[in-house]
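Asker: A single structure is presented below for examination.
The values are calculated or read from the model by the stated rules, or taken from the named source; none is laboratory data. Bear in mind the structure is a predicted one, so any value in this text is a computation, not a measurement. Don't worry about glycine lacking a Cβ; one is built from the backbone with ideal geometry, like all the others, and counts go over all protein chains shown.
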Amino acid sequence: MAGIKAARILENAGLNVTILEGRHDRYGGRIWTNYEAMNGSTGAEVDMGASWICDDGIKNTGMKLSLAQKIPTVFSDFLNPILYHGNDSRVHDDDWKNIYKDYRRLMFDELPLSIENWDPTTKKNLKITDGDISLKVAIRTLGYSKLLSDPVFAFLNSHLIEADIGAEMGLTSAKMFEDITAKNTRIIPQGYAVILKPLVDGSNGQEQPLKILLDKEVISIKFDKNYKINETDRWLRITTKKGDLFKSRAVIITVPLGVLKANTIIFDEKLISRNVKRSIGKLGFGLMNKIHLKFNEIFWPKSYHAFGLLPNKDSCKYIKEVRKNPKRKHISNANNCSELDASLYHSWINGYLYTGQKVLIGYATGKAARLTEALSDDNIKNIALDKLREIFGKKKLNKIKVAAMVRTKWLQDRFARGTWTYHPTGSTSADLESFSQIKGPLFIAGEHTNPENYGTVTGAHNSGIRAARAVLDYLYKNYHHEYSLENIDPNLINID
Ligand SMILES: Cc1cc2nc3c(=O)[nH]c(=O)nc-3n(C[C@H](O)[C@H](O)[C@H](O)COP(=O)(O)OP(=O)(O)OC[C@H]3O[C@@H](n4cnc5c(N)ncnc54)[C@H](O)[C@@H]3O)c2cc1C
């Protein structure tokens, strides 16, 4: 989204723009409606990346774009699942409401206040990094242990917090923690990718399609030595893994933070400041994985948005099995089973409600998400089916057949290496801000560069606008004889 949005603005401004996309089969990055995944599935039920937009009326880009393009969206109350003890027995609605209220009060009202008033100098036994502690340590130290030990709260920690932050609470900064539960969350039944198409193809019959070259994995961006390196005539040379060379006056790099952290792209020292390098190291790139199961018939309540399973003592069996394998110990060293287990396919979304397809989508977050990537498709399918049997009872799933299955492995995806940015202990907003302070000719955009909406499509989109403006400004200042930027319609730049 960041690259495509920036390219659309610059293309409309009359520049010659090329997008170099590393993947050989698609553009869109973490917006990915996987049309090939399950026969006949062409919408939200095969959204492997972003799914939700949040209609807060002012800030949300997904909403604005879908309104502008007349793409229908539907309300999705996934934050409020029906909760099961197991064996088709539901937590009573009134109990659930009270628990939820209690959780919100403790987690989003009381805890942040206690964190704000916390004085690190008097808590000598805490592990302190730059005066910050992890959310989990904060919960324990400040007297909210109930939030970790109670099974309903363990479920909510995964369903609401981990699934949003993309990392377990033991890694997340307490200081940067805020109420993250969005209101009026909506899904695009046609699939998220439809939002990108008009930007790429051009709309109004006036815009040119964007030039996207696939299979161009960039491995280095340097000053071109064939040209004088001085302020008035500088070119960048971009090299791909397969040896293609491109030169350009300016580059916006929008690869995910995970790719930057993996150091697979070499930059000239002068292109990236020390501050930015430090931020890349300090910020975290989280993980969440999905499993999409298509069935021959519907065995779940059709009209509900989401289903949740409370962790229970039997459900640790997979984690125990995985622990027996020494090679996998590193991904399964959670403090207790219920914590890890609560993050493994305990949350399910009812795809049928949005698309009419007999699809359920299960979620694995944090450590459990890493665990899923180490297991085979069959293993994963069996675990997921067992969880569904636990929720709805064995009887209901007796005659059920899985017609198709697809699951994500975002960590192993070399063009993502995770799902979205989060704040580990010790990182701050300044780390996100540092990316936009670069003065060119290399610019950086992407969700990880937006302090207001990092981790989201909106964040990526708005960072693309910011970077496109910076490029126009840079080219105009340095090469105004080459670019007649005076003629640019300001509206082209101001669309958000
Ligand atoms: C599972 C999942 C669920 C999500 N759910 C939501 C949600 O519900 N709502 C929401 O708002 N956000 C959600 N997000 C986050 C959202 O998808 C991202 O924040 C956003 O799409 C990021 O856009 P971007 O342009 O910054 O990066 P990307 O979309 O990752 O684009 C980066 C591009 O760079 C390419 N690339 C990488 N390396 C190279 C290289 N070396 N050379 C050339 N090209 C390269 C990639 O292939 C990709 O096309 C979710 C993400 C995931 C993965």
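Asker: Only strands (runs of 3 or more DSSP E) wholly contained in the stretch 182-254 count here; list those with 3 or more residues that are among the aliphatic types (A, V, I, L, M).
Answerer: 218-223, 251-253
Asker: For the stretch 1-26, which residues satisfy the criterion of being within 10 Å of the ligand (Cβ to nearest atom), within 30 Å of Glu482 (Cα to Cα) and assigned to a loop (DSSP other than H, G, I, E, B)?
Answerer: Those that are within 10 Å of the ligand (Cβ to nearest atom), within 30 Å of Glu482 (Cα to Cα) and assigned to a loop (DSSP other than H, G, I, E, B): Met1, Glu21, Gly22.
Asker: Another question, then. Looking only at the stretch 27-41, count every residue that is more than 15 Å from the ligand (Cβ to nearest atom) and among the hydrophobic types (A, V, I, L, M, F, W, C) and tell me the total. Lay out the reasoning, then the answer.
Answerer: Initially, the stretch 27-41 is screened for residues more than 15 Å from the ligand (Cβ to nearest atom), giving 35-36, 38-41.
With among the hydrophobic types (A, V, I, L, M, F, W, C) added as a condition, the list becomes 38.
Count: 1.
Asker: Right, another one. So Thr33 clears everything in (1) closer than 18 Å to Trp420 by Cβ; (2) in contact with an Asp or Glu (Cβ under 7 Å, 6 or more places away or on another chain); (3) at pLDDT below 95 except one condition, right? Which one?
Answerer: Result: Thr33 fails condition (3) only.
Asker: Same structure again: So is Arg278 over 19 Å from Ile219 (Cα atoms) and part of a loop (DSSP other than H, G, I, E, B) or not?
Answerer: Against the criterion (over 19 Å from Ile219 (Cα atoms) and part of a loop (DSSP other than H, G, I, E, B)), Arg278 does not qualify.
Asker: Let me ask you something else. How many residues are buried (at least 24 other Cβ atoms within 10 Å of the Cβ) and of a type in the set (S, T, N, Q) if we restrict to the stretch 428-460?
Answerer: 4
Listed here are the residues, each with its yes/no results for (1) in the same structural domain as Val259 (by TED's automatic domain parsing); (2) over 18 Å from the mean Cα position of the chain (by Cα); (3) not small (Gly, Ala, Ser).
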{"position": "Gly356", "(1), (2), (3)": "no, yes, no"}
{"position": "Thr365", "(1), (2), (3)": "no, no, yes"}
{"position": "Ile380", "(1), (2), (3)": "no, yes, yes"}
{"position": "Ala416", "(1), (2), (3)": "no, no, no"}
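Asker: Taking the stretch 66-103 as the search range and keeping residues that are surrounded by 14 or more Cβ atoms within 10 Å (Cβ to Cβ) and of a type in the set (A, V, I, L, M), which one is nearest to Gly43 (Cα to Cα)?
Answerer: Among those residues, the one meeting the criterion is Ile71.
Asker: When you scan the stretch 389-400, do you find a residue that is within 15 Å of Leu293 (Cβ to Cβ), out of contact with any helix residue (DSSP H, G or I) (no Cβ under 9 Å at 6 or more places or on another chain) and assigned to a helix (DSSP H, G or I), even just one?
Answerer: Yes; the residues of the stretch 389-400 include at least one that is within 15 Å of Leu293 (Cβ to Cβ), out of contact with any helix residue (DSSP H, G or I) (no Cβ under 9 Å at 6 or more places or on another chain) and assigned to a helix (DSSP H, G or I).
Asker: So Val406 ticks every box in (1) modelled with pLDDT of 90 or more; (2) of a type outside the set (Asp, Glu); (3) within 13 Å of the ligand (Cβ to nearest atom); (4) not in a strand (DSSP E or B) but one. Which box is left unticked?
Answerer: (4)
Asker: Kindly check whether there is at least one residue in the stretch 128-150 that is touching a Phe, Trp or Tyr at 6+ places or on another chain (Cβ under 7 Å), at pLDDT below 85 and assigned to a helix (DSSP H, G or I).
Answerer: Yes, the stretch 128-150 contains a residue that is touching a Phe, Trp or Tyr at 6+ places or on another chain (Cβ under 7 Å), at pLDDT below 85 and assigned to a helix (DSSP H, G or I).
Asker: Let me ask you something else. Just give me the residues in the stretch 136-168 being within 21 Å of the chain's Cα centre (by Cα) and closer than 18 Å to Asp102 by Cβ, in sequence order.
Answerer: Hits for the stretch 136-168 are Phe155, Leu156, Asn157, Ser158, His159, Leu160, Ile161.
Asker: Output the number of residues of the stretch 414-459 satisfying the condition of being outside any helix (DSSP H, G or I), away from the ligand (no atom under 12 Å from the Cβ) and free of Cβ contacts under 8 Å to residues at least 40 places away in the same chain.
Answerer: Number satisfying all stated conditions: 2.
Asker: For the stretch 460-477, state whether one or more residues are hydroxyl-bearing (Ser, Thr, Tyr) and either modelled with pLDDT under 90 or away from the ligand (no atom under 14 Å from the Cβ) (or both).
Answerer: So far as the stretch 460-477 goes, yes, one or more of its residues are hydroxyl-bearing (Ser, Thr, Tyr) and either modelled with pLDDT under 90 or away from the ligand (no atom under 14 Å from the Cβ) (or both).
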